[in-house]
Amino acid sequence: MKTIQMTIDEQLLLSVDQAVEEMGTNRSAFIREALKSALRQFRIRQMERQHAAGYARYPQDPAEIAEWETEQVWEDE
């Protein structure tokens, strides 16, 4: 593992320390998990943008799905 140095707002650090204490972990583990989570969310947003761009370039033809409309089941609750 690599050691890094970072600057953090005092109030944010206080919040991290409170969470760390409640979770029974340490700052490093907490921040590693937070970074992993942020990277997952970043990748999801990237894929969503790619997906939207693909549909913008090649929009779906209503005829492609028309045959499936009769297959939909709408149950009453």
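The values are calculated or read from the model by the stated rules, or taken from the named source; none is laboratory data. Computed from a prediction, not measured in an experiment: that's the story for all the values here. Backbone-built Cβ (ideal geometry, glycine too); neighbour counts: all protein chains shown.
Pairs, please: C-beta under 7 Å, at least 6 apart or cross-chain, first residue charged (D, E, K, R) and in region 36-58, second surrounded by 10 or more Cβ atoms within 10 Å (Cβ to Cβ)?
none
Pick out, from the chain, the helices (runs of 4 or more DSSP H) lying fully within it that include 3 or more residues that are touching a helix residue (DSSP H, G or I) at 6+ places or on another chain (Cβ under 7 Å) and modelled with pLDDT of 95 or more. Give the derivation first.
Working: elements: 10-23, 27-57, 62-66.
The qualifying helices (runs of 4 or more DSSP H) are 10-23.
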